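To start, the structure under review is shown below, and the notes come after it.
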Amino acid sequence: MIHALQTAILFIFPVLVIVGGARDAVSYRIPNWISLALLAAFPLAALAGGASLGLVGANLGAGAAALAVGMIFFALRWIGGGDAKLFAAAALWLGWPPSVTYLIAVCLAGGALAMLLLALRSAWVRPYVMSGPAWFVRLAEPGEGVPYGVAVAVGALAAFPAAPIARGLGAPF
């Protein structure tokens, strides 16, 4: 029974970050409930994974640092508010040192996403995209923003296997 509960809790993080990235891709918005659910589920995951108070404190520090960085990036209009909140909520689950991997992976995924969007928005590719679904057409619209939540989700998933919380929950990776 306990193993099944740990497995269920282990799936909360990847499911929520994937939903956040997908929602950002299709609507350029990440609902607050996603970041709030990650925040609310963290104590449950820490408890179920047997995390020490020191580990919980380190994870809180990682989340706070990510929130500060996200707020600065939001103030500079580099990312949206939902992106900043998802970035911080994911960092809370990852802690130190996986947050370093997380940051690097988010930057690399963001660069790849930007290049993909530039290609989609090019005069050569854009005409082929116009017959697709409305959300995809919007991604190809010149001047539109970048749904950076996609990069945040990719980075979070890349760093999650190294997170002490994931290992404490018996992650098989």
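The values are calculated or read from the model by the stated rules, or taken from the named source; none is laboratory data. Fair warning: this is a prediction, and the values are worked out from it, not measured in the lab. Methodologically, a virtual Cβ is constructed for each residue, glycine included, from the backbone with ideal geometry; neighbour enumeration extends over all protein chains shown.
Mind listing just one residue for me: the one in region 136-172 that is aromatic (Phe, Trp, Tyr) and modelled with pLDDT of 90 or more and, of those, surrounded by the fewest Cβ atoms within 10 Å (Cβ to Cβ)? Among them, the one singled out is Phe160. Screening Ala156 against (1) without any contact (Cβ under 8 Å) to a residue 40 or more places away in the chain; (2) out of contact with any Ser or Thr (no Cβ under 7 Å at 6 or more places or on another chain) leaves a single unmet condition, (1). Of all the listed residues (Pro147, Pro161, Pro98), the sole one being of a type outside the set (Lys, Arg), touching a residue at least 40 places away in the same chain (Cβ under 8 Å) and closer than 19 Å to Leu60 by Cα is Pro98.
Scan region 9-40 for residues that are of a type in the set (S, T, N, Q), within 18 Å of Ala64 (Cα to Cα) and out of contact with any helix residue (DSSP H, G or I) (no Cβ under 6 Å at 6 or more places or on another chain) and jot them down. Spell out how you get there, then give the answer.
Step one: filter region 9-40 for residues of a type in the set (S, T, N, Q), giving 27, 32, 35.
When the remaining residues are screened for being within 18 Å of Ala64 (Cα to Cα), the result is 32, 35.
Answer for region 9-40, where residues must be of a type in the set (S, T, N, Q), within 18 Å of Ala64 (Cα to Cα) and out of contact with any helix residue (DSSP H, G or I) (no Cβ under 6 Å at 6 or more places or on another chain): just Asn32.
The single condition from (1) surrounded by fewer than 15 Cβ atoms within 10 Å (Cβ to Cβ); (2) under 18 Å from Ala153 (Cβ atoms); (3) modelled with pLDDT of 95 or more that Ala90 fails is (1). For Ala66, the conditions (1) touching a Ser or Thr at 6+ places or on another chain (Cβ under 8 Å); (2) surrounded by fewer than 18 Cβ atoms within 10 Å (Cβ to Cβ) all hold with the exception of (2). One residue alone among Gly132, Gly80, Gly110 is surrounded by 14 or more Cβ atoms within 10 Å (Cβ to Cβ) and either at pLDDT below 90 or more than 14 Å from Val154 (Cβ to Cβ) (or both), and that residue is Gly80.
Which residue, of Arg29, Arg23, is charged (D, E, K, R) and surrounded by 17 or more Cβ atoms within 10 Å (Cβ to Cβ)?
Values: Arg29 fails: surrounded by 17 or more Cβ atoms within 10 Å (Cβ to Cβ).
So the residue among Arg29, Arg23 that is charged (D, E, K, R) and surrounded by 17 or more Cβ atoms within 10 Å (Cβ to Cβ) is Arg23.
The helices (runs of 4 or more DSSP H) located wholly in region 55-152 that include 3 or more residues which are among the hydrophobic types (A, V, I, L, M, F, W, C) and over 15 Å from the mean Cα position of the chain (by Cα) occupy 98-120, 134-139. Here Ala51 fulfils each of the conditions (1) surrounded by 21 or more Cβ atoms within 10 Å (Cβ to Cβ); (2) in a helix (DSSP H, G or I); (3) among the hydrophobic types (A, V, I, L, M, F, W, C) apart from (2).
Residues in region 32-48 that are farther than 17 Å from Leu169 by Cα and surrounded by 17 or more Cβ atoms within 10 Å (Cβ to Cβ): how many? Residues meeting the conditions: 3.
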